[in-house]
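First comes the structure, then the notes that go with it.
Quick note: the coordinates plus some simple rules give every number you see, no bench work behind them. None of these values were measured; they are calculated from a predicted model. Cβ sites come from the backbone with ideal geometry, for glycine too, and all protein chains shown count toward neighbours.
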Amino acid sequence: MSLDCSGNLIESLDLSGLPALERLDCWDNLIESLDVSACPSLWQLYCQGNRIADLTALREWLAQDGRLGAVEPQLAGEGEIEI
């Protein structure tokens, strides 16, 4: 199963009811945090262009074997990119 909610100005995303989710495209929104721990089947994640300040858990998730995606760059504020 896949979910594409990109470019919709979403501020939060609750994935707790989606254990079968395999691909998530949620780039270009206003999301400030993203927890993918409730999605054991997830192997593709594209969440760049949001406002996620702490990318540690998502970078660790991406570093695992067989996982694909992008978490950077993130928007620091309107019109700014945090590097």
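Observations on the model:
- Amide H within-cut-off set for residue 74, under 5 Å, with H built and near neighbours excluded: 49, 82
- DSSP-defined antiparallel bridges as percent of all bridges, the chain, nearest 5: 25 percent
- Theoretical FRET efficiency, 1/(1+(r/R0)^6), r = Cβ-Cβ of residue 59 and residue 22, R0 30 Å, to 0.05: 0.90
- Per-residue Cβ neighbour rank within 10 angstrom, fewest leading, 23, 67: 67, 23
- Summed over qualifying helices (DSSP H, 4 residues or more, each -39500 (n - 2.57)) and divided by its residue number, the chain shows a 222 nm mean residue ellipticity of -2500 deg cm²/dmol.
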